[in-house]
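**Student:** This is the structure I want to talk about, given as structure tokens.
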Amino acid sequence: MKTTLKTTITVKDICEGFVYNELEGKGLFGLSGKLTIQPEYQRNYIYADGKKDVAVIESILKGYPLGLIYFVKVAEEKYEVLDGQQRITSIGRYVTDKFAVKDEHGMEQHFGSLPADKQRIILETPLLIYECEGEESEIKEWFKTINISGVPLNNQELLNAIYSWPFVTLAKEEFSNTQNANIQKWSAYIKGSANRQEFLERALDWVSKGKIDDYMSRHRYEHTIAELKTYFTSVIDWVSSVFRDVEKEMCGLEWGKLYEQYHKKAFDPLQVSIEVQKLYADSYVKNRKWVFEYVLGGMQDTKLLEVRIFDDATKMSVYKKQAQEAETKWVSNCSYCAVWHDANKNKIWKLAEMDADHVTAWSKGGGTDISNCEMLCKTHNRAKGNK
């Protein structure tokens with residue numbers, strides 16, 4: 001890949017013809033229309049937080065270096081930003097009065113209200129720009145390795161760069177658009193933000209059964225995301241129809257896997273709601289995160305809820321009592337070993353060789369207290385399960 005250092009391009013040059021799409025959060029063009037600021041392999045603009053964007057402008061005013069910026073030459077007098085689009089977009093947004101910066105007196109100042117000398121400092125600031133020329137594979141490999149902005153690319157942003165073609169463009173328009181009216185609903189079940197591609201990543205993960213890279217490679221040149229959108233919508237609609245109540249613990253669960261496992265099973269939403277609320281009100285349930293999978297699975301796997309837990313003091317007390325009684329009767333301190341007349345019917349197990357178990361299963365109303373605790377050898381405890 002060929003690189004040429006350019007030192008004569010100023011902030012004023014970059015901001016000539018600057019166009020910013022507020023709806024999509026994209027800095028689209030600059031340098032009198034010669035520069036595409038956010039090609040499809042770039043992440044969304046994430047500096048609009050009142051901190052990072054402000055820091056860029058303050059750095060210019062204080063004479064601090066902004067670091068290297070990389071352009072890709074795609075045609076004669078046509079360029080794309082390879083690295084530096086967050087800084088360039090911040091500068092362009094400020095010069096076009098999209099946000100304000102506090103001055104030395106703590107007053108909010110838009111670019112248009114700055115004194116002429118400060119405006120001149122900003123506009124005449126030269127930028128250090130490397131102009132790069134090379135094959136697509138070279139450019140994108142370089143894009144993966146450079147990290148000047150201080151905010152590392154996440155895995156989905158890298159994949160977007162690698163497979164940037166019509167499919168990614170359409171997918172980002174749907175799942176990475178912060179103005180999408182569905183984001184609020186999605187946020188109940190998916191952690192993350194549209195800007196950092198988490199919704200897109202989850203949609204791809206679900207439809208590809210975890211093989212995102214392979215799926216994007218196969219669909220790269222397609223001009224439709226119908227399958228992706230339909231599958232994602234099916235998962236979200238299924239979750240919201242089965243569970244009437246939206247709980248905070250639902251966010252971030254593996255809904256794609258749960259959909260695959262249970263969507264063909266019939267559920268009564270009213271009964272599901274009753275069971276969920278009952279479990280939420282149960283003080284013995286230690287992990288609410290798994291309540292939903294527990295209910296979907298027919299409320300069989302109680303280990304999901306972490307209810308089979310007795311504290312160490314209770315275990316020790318019950319162990320001592322059972323051991324003393326067993327020694328006087330010359331039987332095992334595991335009740336199952338004692339009555340099954342096996343090779344261990346007289347064995348006194350050590351505490352470390354035993355597990356605490358509910359005499360009456362928690363799912364059948366048994367509490368996690370000393371009156372409902374017994375110590376069993378590990379083999380019989382596992383065999384007992386939830387019987």
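**Student:** Does residue 137 satisfy the condition of being at pLDDT below 90, small (Gly, Ala, Ser) and either open to solvent by less than 50 Å² (accessible area, probe 1.4 Å) or within 33 Å of the chain's Cα centre (by Cα) (or both)? Give the steps one after another, and end with the answer.
**Tutor:** Numbers: at pLDDT below 90: yes; small (Gly, Ala, Ser): yes; either open to solvent by less than 50 Å² (accessible area, probe 1.4 Å) or within 33 Å of the chain's Cα centre (by Cα) (or both): yes.
Spelling it out, residue 137 is indeed at pLDDT below 90, small (Gly, Ala, Ser) and either open to solvent by less than 50 Å² (accessible area, probe 1.4 Å) or within 33 Å of the chain's Cα centre (by Cα) (or both).
**Student:** Mind listing whichever residues of segment 361-387 are part of a loop (DSSP other than H, G, I, E, B) and modelled with pLDDT of 75 or more? Before you say what the answer is, go through the steps one by one.
**Tutor:** Kept after step one, since they are part of a loop (DSSP other than H, G, I, E, B), are these residues of segment 361-387: 361, 365-369, 385-387.
Hits for segment 361-387 are 361, 366, 367, 368, 369.
**Student:** List the helices (runs of 4 or more DSSP H) that sit entirely inside segment 182-291 and contain at least 2 residues that are crowded, with 18+ Cβ neighbours inside 10 Å and on the phi > 0 side of the Ramachandran plot.
**Tutor:** Details: elements: 183-186, 198-208, 212-219, 226-242, 255-262, 269-281.
Because the criterion is at least 2 residues that are crowded, with 18+ Cβ neighbours inside 10 Å and on the phi > 0 side of the Ramachandran plot, no helices (runs of 4 or more DSSP H) in segment 182-291 meet it.
**Student:** For segment 150-169, how many residues are surrounded by 19 or more Cβ atoms within 10 Å (Cβ to Cβ) and either at pLDDT 85 or above or under 25 Å from residue 52 (Cβ atoms) (or both)?
**Tutor:** Qualifying residue count, segment 150-169: 9.
**Student:** Any residue in segment 338-349 that is farther than 24 Å from residue 379 by Cα and open to solvent by less than 60 Å² (accessible area, probe 1.4 Å)? Spell out the reasoning first.
**Tutor:** Restricting attention to segment 338-349, the residues satisfying the condition of being farther than 24 Å from residue 379 by Cα are none.
No, there is no match, as no residue in segment 338-349 is farther than 24 Å from residue 379 by Cα and open to solvent by less than 60 Å² (accessible area, probe 1.4 Å).
**Student:** Another question, then. Do we find a residue being without any contact (Cβ under 8 Å) to a residue 24 or more places away in the chain and touching a Gly at 6+ places or on another chain (Cβ under 6 Å) anywhere in segment 325-332?
**Tutor:** Looking for residues that are without any contact (Cβ under 8 Å) to a residue 24 or more places away in the chain and touching a Gly at 6+ places or on another chain (Cβ under 6 Å), one finds none in segment 325-332, hence no.
**Student:** OK, next. Using the structure shown, decide if residue 336 is in contact with a His (Cβ under 9 Å, 6 or more places away or on another chain) and not hydrophobic (A, V, I, L, M, F, W, C).
**Tutor:** Working: in contact with a His (Cβ under 9 Å, 6 or more places away or on another chain): yes; not hydrophobic (A, V, I, L, M, F, W, C): yes.
Yes: the conditions hold for residue 336.
**Student:** If only one of 329, 315, 345, 303 is basic (Lys, Arg), touching a helix residue (DSSP H, G or I) at 6+ places or on another chain (Cβ under 6 Å) and over 22 Å from residue 241 (Cβ atoms), which one is it?
**Tutor:** Working: 329 fails: touching a helix residue (DSSP H, G or I) at 6+ places or on another chain (Cβ under 6 Å); 315 fails: touching a helix residue (DSSP H, G or I) at 6+ places or on another chain (Cβ under 6 Å); 303 fails: touching a helix residue (DSSP H, G or I) at 6+ places or on another chain (Cβ under 6 Å).
Matching residue, one of 329, 315, 345, 303: 345.
**Student:** Another question, then. Across segment 292-317, which residue is surrounded by the fewest Cβ atoms within 10 Å (Cβ to Cβ) among those that are assigned to a helix (DSSP H, G or I) and among the acidic types (Asp, Glu)? Quick ask: steps written out before the conclusion?
**Tutor:** Narrowing segment 292-317 to residues assigned to a helix (DSSP H, G or I): 292-296, 302-305, 312-317.
Adding the requirement that they be among the acidic types (Asp, Glu) leaves 293, 312.
Numbers: 293: 17, 312: 9.
Checking each candidate, the answer is 312.
**Student:** Here is a follow-up. List the residue pairs whose Cβ atoms are under 7 Å apart, where the first residue sits in segment 337-350 and is closer than 17 Å to residue 323 by Cβ, the second is of a type in the set (D, E, K, R), and the two are 6 or more positions apart or on different chains.
**Tutor:** 337/345; 337/347; 338/345; 348/327
**Student:** Also, quick follow-up: Of everything in segment 77-95, what is β-branched (Val, Ile, Thr) and either surrounded by fewer than 22 Cβ atoms within 10 Å (Cβ to Cβ) or under 15 Å from residue 110 (Cα atoms) (or both)? Give them in sequence order. Give the derivation first.
**Tutor:** Taking segment 77-95 and keeping what is β-branched (Val, Ile, Thr), we get 81, 88-89, 91, 95.
Matches in segment 77-95: 91, 95.
**Student:** Do we have residue 94 as in a strand (DSSP E or B) and at pLDDT 90 or above here?
**Tutor:** Numbers: in a strand (DSSP E or B): no; at pLDDT 90 or above: yes.
Answer is no for this residue.
**Student:** Give me the pairs: first residue in segment 43-65 and open to solvent by less than 70 Å² (accessible area, probe 1.4 Å), second residue modelled with pLDDT under 85 and assigned to a helix (DSSP H, G or I), beta-carbon distance under 7 Å, and six or more apart or on different chains, which are they?
**Tutor:** 43/157
**Student:** While we're here: Tell me which residues, restricted to segment 59-90, are under 29 Å from the mean Cα position of the chain (by Cα) and within 22 Å of residue 114 (Cα to Cα).
**Tutor:** Within segment 59-90, 87, 88, 89, 90 qualify.
**Student:** Next up: Which residues, counting only those in segment 318-337, are of a type in the set (S, T, N, Q) and open to solvent by 60 Å² or more (accessible area, probe 1.4 Å)? Don't jump to the end; show me each part of the working.
**Tutor:** To start, the set of residues in segment 318-337 that are of a type in the set (S, T, N, Q) comprises 322, 324, 328, 332-333, 335.
Residues satisfying the conditions are 324, 328.
The values are calculated or read from the model by the stated rules, or taken from the named source; none is laboratory data. Note that the coordinates shown come from a computational prediction; the quantities given were computed from them, not determined experimentally. Quick reminder, even Gly has a Cβ in these numbers, built from the backbone with ideal geometry, and neighbours come from all protein chains shown. We work out accessible area using only protein heavy atoms, side chains counted, and drop any ligands, DNA or RNA first. Shrake-Rupley method; radii C 1.70, N 1.55, O 1.52, S 1.80 Å.
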